[in-house]
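Peer 1: Attaching a single structure in structure tokens format; questions to follow.
The values are calculated or read from the model by the stated rules, or taken from the named source; none is laboratory data. Being a predicted model, the structure only gives us computed values, none of them experimental. In this analysis, Cβ positions are derived from the backbone assuming ideal geometry, glycine residues included, and neighbour counts consider all displayed protein chains. These area figures cover heavy atoms from the full protein model, side chains too; ligands, DNA and RNA do not enter into them. Shrake-Rupley method; radii C 1.70, N 1.55, O 1.52, S 1.80 Å.
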Amino acid sequence: MTAPIVIVGAGQAAASFITRQVALGCDRPLLLIGDESHPPYQRPPLSKKYLLGELERERLFIRPLEWYDEQGIILRLDTRIDAIDCDQQQVLTADGESITYDKLLLCTGSSARRLPETIGGTLDGVFTLRSIADIDRFGPEFQAGRRLLIVGGGFIGLEAAAAARKLGLDVTLLEMADRILQRVAAVETSDYFRALHRGQGVDVRESARLTRLLGEDGSVRGAELESGEIIAADLVLVGIGGIPNMELAQAAGLDCDNGIRVNDICQTSDPHIYAAGDCAGFVRNDLPIRLESVQNAADQGDLVARHIAGQDVRYTSVPWFWSDQYDCKLQIVGLNQGYNQTVLRPGSSESSCSIWYYRDNQLLAIDAINEPKSYAFGRKIIEAGKNPAQQVVADPATDLKALAMG
Ligand SMILES: Cc1cc2nc3c(=O)[nH]c(=O)nc-3n(C[C@H](O)[C@H](O)[C@H](O)COP(=O)(O)OP(=O)(O)OC[C@H]3O[C@@H](n4cnc5c(N)ncnc54)[C@H](O)[C@@H]3O)c2cc1C
């Protein structure tokens, strides 16, 4: 019997790979192994509608559980892979079972970075937000009137702050950098979201360095800042970034850096092994990058399926991303790495605008805030490799549709 294509990690990239394999009518056996209890699901609603209780669990699932069976795909949940033997082309489960693969796809995602135990990171009432199981743990604690401290002013922290305010919690958000979203966005975008959150009653603290979390009887009670200030809290959500799950690959001797190194067909340093999604690092415009986004996971999973089916494909997708906070939608296209100029384009209403990122007059990326048209046309402009001058973009009279289509 032919050995199966084994996919480790049952998330977004895996679902995309399998969907494409099925669509292409590939008849190779597929074995999907995941350490969670659920079939592949979408994570974005976890910090948005699902956290608010506005979406049923089943609606998170990318395909219903029965679908895998119907397609003849073997889905093994609650199963962790602990090792890869590249020479034997086998993976080893935590229970000691060896499974032979013809090809292996690593879709192991990323994990939430935690605060160390030495500063209170393991106290009861301290949570991270990455999975359905995380929400099962802390969701019941999200009750009106409780004091929530969020550590980290990135997208997950900000989205959780928005959900918590909607649910009536008192929210303080700490960011150690001098502005929220500093790692991912320009000053203009940070300014917009700071004002949005403060307007909704979130106590946003920037340049606020946490010294330690304070506990009582094993449960978190607050936090001490470097300034000496004490902030009382009933629960703490830590949103300080993700770490690629690459231990398996590292232990197997695959090239890893910030992620499992892949080439433009998502192949690792072992030609029988591919990696896709949050766990994969690759080079774009001569710079090493790793993306944590649905677009990247879905497109890379899809690409591996096409490549294995014999199509001549290369990973060149233009990245895009979104974030929903209150009634505000941020849409991002392109990569702003290395930008040295920004242009603020006024939007069609007071609460909308777009920020255009340039490096040495070359357009790199756009943040569109409540501006779906700017996003849609901007995306076309970037995908077509067009480079409108900054003064043209800054002029609200400029017709973006004409620029995109012209
Ligand atoms: C709260 C939250 C909100 C987000 N919001 C957005 C958003 O608005 N827009 C956006 O574009 N992106 C968003 N993202 C990011 C997006 O969800 C991820 O980039 C995407 O899920 C990555 O897909 P993946 O397949 O690489 O990993 P995942 O979907 O994380 O799947 C990886 C799976 O592998 C499993 N696994 C790991 N190691 C092993 C092992 N050894 N054995 C077996 N199984 C293993 C993991 O448990 C997990 O189930 C959000 C993420 C989170 C957590």
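Peer 1: Whole Å is fine, so just give me how far the alpha carbon centre of region 236-277 lies from that of region 145-168.
Peer 2: 30
Peer 1: What is the ratio of the Cα radius of gyration of region 152-253 to 2.2 N^0.38 Å, where N is its residue count, to two decimals?
Peer 2: Working: Rg = 15.6 Å, N = 102, 2.2 N^0.38 = 12.8 Å.
Cα Rg divided by the expected 2.2 N^0.38 Å: 1.23.
Peer 1: Please state, rounded to one decimal and in Å, the Kirkwood hydrodynamic radius that region 215-314 gives when every pair of distinct Cα atoms enters the mean of 1/r.
Peer 2: Details: mean 1/r = 0.0619 Å⁻¹.
Taking the inverse mean of 1/r over all distinct Cα pairs, region 215-314 comes out at 16.2 Å.
Peer 1: Let me ask something else about it. Just to check I understand the Karplus step: with θ = phi - 60° and J = 6.51 cos²θ - 1.76 cosθ + 1.60, what whole-Hz values come out for region 280-286, glycine and proline as x?
Peer 2: Coupling constants for region 280-286: 9, x, 8, 10, 9, 6, 6 Hz.
Peer 1: How large a share of the accessible area of region 320-404, in percent, is made up of carbon and sulfur atoms when the probe is 1.4 Å and the other protein chains stay in place?
Peer 2: Working: 2050 of 3970 Å².
In region 320-404, the share of accessible area belonging to carbon and sulfur is 52 percent.
Peer 1: Tally up the carbon and sulfur contribution to the accessible surface of region 160-295 as a whole percent, 1.4 Å probe, everything protein left in place.
Peer 2: On the way: 2580 of 5830 Å².
Reported share for carbon and sulfur atoms: 44 percent.
Peer 1: Continuing with this model, one more query. Normalized C-alpha radius of gyration of region 31-80, against 2.2 N^0.38 Å?
Peer 2: On the way: Rg = 12.1 Å, N = 50, 2.2 N^0.38 = 9.7 Å.
Rounded to two decimals, the normalised Rg is 1.24.
Peer 1: May I ask what percent, to the nearest 5, of DSSP beta bridges between residues of the chain are antiparallel? Mind dumping the intermediate values first?
Peer 2: Details: 50 of 81 bridges.
Among the beta bridges of the chain, antiparallel pairing accounts for roughly 60 percent.
Peer 1: May I pose another question? Report Rg (one decimal) and Dmax (nearest whole number) for region 313-406, counting Cα atoms only, units Å.
Peer 2: 12.7, 43
Peer 1: Considering only protein heavy atoms and a 1.4 Å probe, what is the carbon-and-sulfur percentage of the accessible area of region 42-110? Please report the intermediate quantities before stating the final value.
Peer 2: Details: 1510 of 3770 Å².
The nonpolar share, carbon plus sulfur, comes to 40 percent.
Peer 1: Counting Lys and Arg as +1 and Asp and Glu as -1, each charge on the Cβ, what is the dipole of region 277-374 about the Cα centre in debye, to the nearest 20? Mind dumping the intermediate values first?
Peer 2: Working: 8 positive and 12 negative charges, 47 e Å.
Result for region 277-374 is approximately 220 debye, rounded to the nearest 20.
Peer 1: Could you give the size of the charge dipole of the chain about its Cα centre, using +1 on the Cβ of each K and R and -1 on the Cβ of each D and E, expressed in debye and rounded to the nearest 20?
Peer 2: Values: 40 positive and 55 negative charges, 228 e Å.
Result for the chain is approximately 1100 debye, rounded to the nearest 20.
Peer 1: How large is the direction-averaged shadow of the alpha-carbon convex hull of the chain, in nm²? Write out the running numbers ahead of the final one.
Peer 2: Details: hull surface 86.0 nm².
Answer in nm², one decimal: 21.5.
Peer 1: Taking each pair of distinct Cα atoms in region 248-406 once, what is the resulting Kirkwood hydrodynamic radius in Å?
Peer 2: On the way: mean 1/r = 0.0584 Å⁻¹.
It is 17.1 Å.
Peer 1: In Å², what does the accessible area per residue of the chain work out to with a 1.4 Å probe?
Peer 2: Working: 18360 Å² over 406 residues.
Here the per-residue accessible area is 45 Å².
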